Every structure is written in structure tokens, then in C-alpha cells.
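To start, the structure itself, in C-alpha cells.
The values are calculated or read from the model by the stated rules, or taken from the named source; none is laboratory data. Keep in mind the model is a prediction, meaning the values are calculated, not measured. Using ideal geometry, Cβ is built from the backbone for each residue, glycine included, and neighbour counts are taken over all protein chains shown.
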């Protein structure tokens, strides 16, 4: 057995998984505070990348300044999404809110390419593309930096939920009516959670956009991100970390050995199986909270 | 009321492509460009369609063909066969004699309809390769090299410019789809004939993450890699190839590798990468000069000026140049009104047409709707794609074996 091949698949898979975690983090942040599974997160990643490209290429700002501007833009976008869309859905069945986020996903996916042109755009973060070589193992430097940023973002999110504001958001997630009754502004809390999800989308958009270019396919990162949150638990930030690692590693190691035997394309099968098996055997995921309601 | 509708239709025609006043609305030739502006083919559609519209505008500005001007009917299909067929039916009712879907799923779905309705369907660099068989698909025109011809040409390039194929290791790295797998039979046949080792490596669609695939490719230690993808997956493939130690000069790609891909890789880093080229890039050609002078400079361009002369823009221009040439011959030979059947016969009479040096000489006939399968290899030099060969074709015997095998399957309903 070629152990270096195995370790290369393992390490790059883990780093890829952490990059998926950046997308998944936005979904968890919103669910954890608003109780809404946001299916528009992939499109928010795409829009973030377009915003970075716009400020870099059209306005002429340095890329890292553009990222900072995009953070502000996407935070405001999150606030607006709550004000204009989510607030109107108060009292509606959760399935309709999920459908709303799906509609937002489709709308955003058309919006970016529609206004800025569908041809792929470029973002260069200036990361050296050459791999780090350890023995016969090639480690993707871009993914390594992406993984480090993902871990940092996850750690910051964990800390955030220990702050006063974070505690309010958790309370809102638990029960809107009770939160209102103790004077918490539920609307503001949900708006902030969407804003923070927008910020995490910027990190994902910058990193994935620099790897593959900026076009509508960035929105398809939603699929692996959904696998991450289902496996890790929709309301668990730890789950984003662990789920991301598992989805990334399985999605790298299994296809690495099975694809040559069956002629390719098993990674999507692996991701689908993760979603299906988790829902069947542990619907709340590895670290998600299991709500038991008395009827 | 009827007169009012006719007036509105005329006004719409004038608005669509630029009516010069040289012809009456009845003389307008309608080409339906029903393409995917919002889904899978977005990486190419904008530029390609812009080139098509600018070329038709140029012809109109120059007075059309004996006073016959062109109108482009533009609609989005979103790469969905149902929407494509709906748009096709509408365009047919409006009098379109030619349709271009620029989408393999939509054009495959429309094959039987265009054959039945006798409307020309062009399938430039997409669609069914077996449609090159003009006797089985009389109204379908690939007009440029099929994917089989492209694979044969790239292999031949390695054979003649890379120290021969014998004993070489060639990795075919492709997006896991029918498009990605299409050249495999031709490459396998060539591997047998030429004595090289071929291994295929798939990566999942859309190709934004390919690291596991390339770990395997590196262990195969290929002498050359042939990339078979499109859109965002292409720069990822090139970056992964370079990251895994494959020299840029040994990376070759299917036609879907453009300026944007090289820029995404990094203009310097991509230097040396090669690709199949169907149509010349840049604006140093008489047609492009006239487009600049009569369409772009006066502000009549159909899209951003910076797209003019790019790979996909020029392919769009060339596609319309061939179609308009077919219409010109048809009108000369068979008179007005131009019908789909007359256009087909006109296109089958095109001989050595090279769009004033922009593309390889295309000769279409009743039997051959591919036009010979010509192309060339170009290389990214840090700022542009520069040709490194003349126009040529290769191993058309193997290509036509595939064409005939699949065309027979279509005839037999397989």
C-alpha cells in the first residue's frame, strides 16, 4: 500500500473539508440564532466573491481592502435580507421560510452573472500556488491557508456565542416569544445572525474564488456544505469543524481508491450517502441538539 | 390589427440587430440563437453570442446579402431541453431558418424536430459528434471539429512535436460527464495504434475541487495530460497539474480554455499551456477589423468592448460567418424566399471557406457536416493564445469510424 498516497488524500481531504466548513458555518450561524436552515448560503458565497472582484477589478482597490469592503457589504446584505424578507415570514410555517431561502438562492445565482457577466472572473490573493512537499506528500498551500482561516472563523464563532450578544442570539433561537417577553429584540438578533453569515460567506467566497475563479458554480458549494451541517448538527459550531473534516476526508480518500476501479465520479455519491445515512440514523447530527417535544 | 402587428414585428426586427433600411422586413432572414445564458454554459455564452450578434450587425451594416438583412432571435433556455423546445417552437413560428442552442442537452433534444421541420441547426463545438454524418442528420451542422477530431489532433500534435507517442504515458483528465468521456474511444484506438499508455481520470462536476484526482494523476507519472473540461473546472485542472509537477508545456486542453481561464490560473503561471483552437483569436483579421470599424466604434456592439477578439467571441463570429455564407450561396443558387431546406443545401455547397483567414478552410458537403475536422494548437504566451501549428486535421479515419458507429445507432433508434 502506498501510504504517502493515503496521507496525501487524507490531509488534502481534511483541508478541503475545512474549506467547506467556511460555507457551512454561515448555515449554522443562522440556524443557531434564527432557527432557519438557509439554503441561500451557497449563493451568498458567490455574491461575496463577485463583490470582492467588483471592488478589485472595477474600482481598483487592493484585494484585501476589497475583502474588507465585502465584509461590510455582506453584513448589510444580511441585515437587509432579514428586514425585507425574513421579517415578513414571522408566524409562517418553517417550510415556507426554507422555500424563501431557496428562492433567494435562485435569485442571487441569476443576479451576479446577470449584472456582471457570466464569464469567470479572477481574484488573486497572492498565495503561492506551489505545494508544501513532505516526503512524497504534496500539501495544497491554498487549502492549508483556507483551512487555517476556517478554524479561526469557527473559533471566533464559538467565542461570539459566549458574549452577551451571542447569548441573546441563542435565546432567540430557543424561543422567539420568550425572548420578546424578556426584552430581546428578536428581529435585530436575527438580522445580526444573517449579517454574520454574510461575513463568513466573504471568507469562503474569497478563498474558493481565488482557487476556481468567480462564477455561478461557486453557489454549488452549498451541496457539500449541507452535508457538513447535517453530519455535524445544524445548530453546532463544533459540528461544523468535525463534520467538515469528515466530509472532506471521506470525499477524498474513498474516491481516491474507488474512482480508478469504477471509472470516476464517486465523491458526490459519498457526500449523498453522508446526508442520507445521517438523516436516517442520527437526524440531529453528531453534535446537534435533539429537541424532544411533549405532546 | 394585422397591419399593426406586422408593424410591431418590423420594429422589433429593426431593434434586434440593426435595420439598415436596405431591405424590407419581409426580406429579413431570421437566425434563432436560443442559448443558455443562465446555467451551465454561461462561461461561453455571453462572448459567443455577442460575437454572433456583432457579425450579423456587420452584415446588415454592409447592406445584407443582396438587400436581405439578418435578425437574431435571442432567448434564454437555461440549458433546459423543455425551455429550449418551447423557444424553438416560437422561433419556428416567427420564421427562423436556423437555430443555434449552444447546449448539448437542448440540441440533442431538438434533433428530431429540426429534421422533421427542415430547419438548420448548427452545433458548433457541442452537441452530437455523429451529426457530422450529413446523410443521417441532413439539417444538423457541427461545422467545426468534433470532440473526437480535437482529441485526434491533440494526440497527433504530441506525436509530431513531443517526440512521438510510442511509449509515452498520456493522462486524460476529464469532468465526469458524457462530454468528458466522449474522446475516450478515439484516444483508446490511438493508444493501440501508436503504442502509448492511456489512463483516464475523472473529477466530479463542476470541478471546483480536484485535489484527490490529481494525487492519482501524479503517481501515474504522465508525460502529457489532456484536459477535458469547461468553465470553472479548467483553471482548477491547470493549477492542480502544475502543483503536481507537470510542466505547463505538457498540458493540453480541449477547445474550452480561454483567456479568462489563463488569467484565473495566473497569466505567468499558465505560460506554456496548450489548447485545441478552432478559430483564431484577436482582431488582426479583416472581418474583425470591419466589426471594429462598423459595429464597435459607432457604438452598435452587442456587449462589452473588451470581449471583442476573445476566444469565444471569435468562435461566435466564425459560426455566423459560415452560416451567412451558406445563406448567401442558397440565395444565389435557389432564390428567395430562403427556407431551411435551401439554407441546408447552400451550406452543403460551402467550399474552403475560412472567414477571411480567421478559421481553417471549411468544406461542407451532403456527407460531411463537420467540415474536415480541422483546427490547430495554440499556446498561452503570458498574455495571449498564440498558434504553434498551422491548421491541420488528424486521424479522420478513426474519427469517422466513431461518427458512423453512432450515426448508425441513431438510425436504428438506439
| Filtered residue count, the range A:131-169, keeping only those that are at the interface with another protein chain (Cβ under 10 Å from one of its Cβ atoms), surrounded by 13 or more Cβ atoms within 10 Å (Cβ to Cβ) and either assigned to a helix (DSSP H, G or I) or without any contact (Cβ under 8 Å) to a residue 24 or more places away in the chain (or both) | 4
| remark: Within the range A:1-25, the residues that are more than 10 Å from chain B (Cβ to nearest Cβ) and not in a helix (DSSP H, G or I) are A:1
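In the list B:198, B:227, which residue meets the criterion of being touching a helix residue (DSSP H, G or I) at 6+ places or on another chain (Cβ under 6 Å), at negative phi and either without any contact (Cβ under 8 Å) to a residue 12 or more places away in the chain or surrounded by fewer than 24 Cβ atoms within 10 Å (Cβ to Cβ) (or both)? Working first, answer last.
Working: B:227 fails: either without any contact (Cβ under 8 Å) to a residue 12 or more places away in the chain or surrounded by fewer than 24 Cβ atoms within 10 Å (Cβ to Cβ) (or both).
Sole residue among the options that is touching a helix residue (DSSP H, G or I) at 6+ places or on another chain (Cβ under 6 Å), at negative phi and either without any contact (Cβ under 8 Å) to a residue 12 or more places away in the chain or surrounded by fewer than 24 Cβ atoms within 10 Å (Cβ to Cβ) (or both): B:198.
Please go through the range A:170-180 and pick out each residue that is part of a helix (DSSP H, G or I) and either in contact with a helix residue (DSSP H, G or I) (Cβ under 8 Å, 6 or more places away or on another chain) or more than 23 Å from residue A:241 (Cα to Cα) (or both). Walk me through it before giving the result.
At the first step, the residues of the range A:170-180 found to be part of a helix (DSSP H, G or I) are A:170-174, A:176-180.
Those that are part of a helix (DSSP H, G or I) and either in contact with a helix residue (DSSP H, G or I) (Cβ under 8 Å, 6 or more places away or on another chain) or more than 23 Å from residue A:241 (Cα to Cα) (or both): A:170, A:171, A:172, A:173, A:176, A:177, A:178, A:179, A:180.
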| message | Against the definition (within 23 Å of residue A:201 (Cα to Cα), out of contact with any helix residue (DSSP H, G or I) (no Cβ under 6 Å at 6 or more places or on another chain) and within 14 Å of another protein chain (Cβ to nearest Cβ)), how does residue A:112 come out, yes or no? | response | no
| Which numbered condition residue B:51 fails, given (1) within 14 Å of another protein chain (Cβ to nearest Cβ); (2) touching a strand residue (DSSP E or B) at 6+ places or on another chain (Cβ under 9 Å); (3) at pLDDT 95 or above | (2)
| task | Specify the residue that is modelled with the highest pLDDT; the eligible residues are those in the range B:179-213 that are under 23 Å from residue B:404 (Cβ atoms) and within 12 Å of another protein chain (Cβ to nearest Cβ). | result | B:184
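Yes or no, residue by residue, for (1) at pLDDT below 95; (2) crowded, with 24+ Cβ neighbours inside 10 Å:
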site	(1), (2)
A:193	yes, yes
A:198	no, yes
A:210	yes, no
A:216	yes, yes
A:227	no, yes
A:230	no, yes
| request: Filter the range B:168-178 down to residues that are surrounded by fewer than 22 Cβ atoms within 10 Å (Cβ to Cβ) and at pLDDT below 95 and give me whichever is nearest to residue A:255 (Cα to Cα). | output: B:177
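Checking the structure you have, find out if any residue of the range B:233-243 is outside any helix (DSSP H, G or I) and within 13 Å of another protein chain (Cβ to nearest Cβ).
Checked against the condition, which is being outside any helix (DSSP H, G or I) and within 13 Å of another protein chain (Cβ to nearest Cβ), the range B:233-243 yields no hits at all.
Only one of B:102, B:153 is out of contact with any helix residue (DSSP H, G or I) (no Cβ under 9 Å at 6 or more places or on another chain), under 26 Å from residue B:372 (Cα atoms) and surrounded by 23 or more Cβ atoms within 10 Å (Cβ to Cβ). Can you tell me which? Break it down into steps so the answer makes sense when it comes.
Working: B:102 fails: out of contact with any helix residue (DSSP H, G or I) (no Cβ under 9 Å at 6 or more places or on another chain).
Exactly one of B:102, B:153 is out of contact with any helix residue (DSSP H, G or I) (no Cβ under 9 Å at 6 or more places or on another chain), under 26 Å from residue B:372 (Cα atoms) and surrounded by 23 or more Cβ atoms within 10 Å (Cβ to Cβ), namely B:153.
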| note | Scanning the range A:81-97 residue by residue, those surrounded by 14 or more Cβ atoms within 10 Å (Cβ to Cβ) and either farther than 30 Å from residue B:43 by Cβ or free of Cβ contacts under 8 Å to residues at least 60 places away in the same chain (or both) turn out to be A:82, A:83, A:85, A:86, A:89, A:97
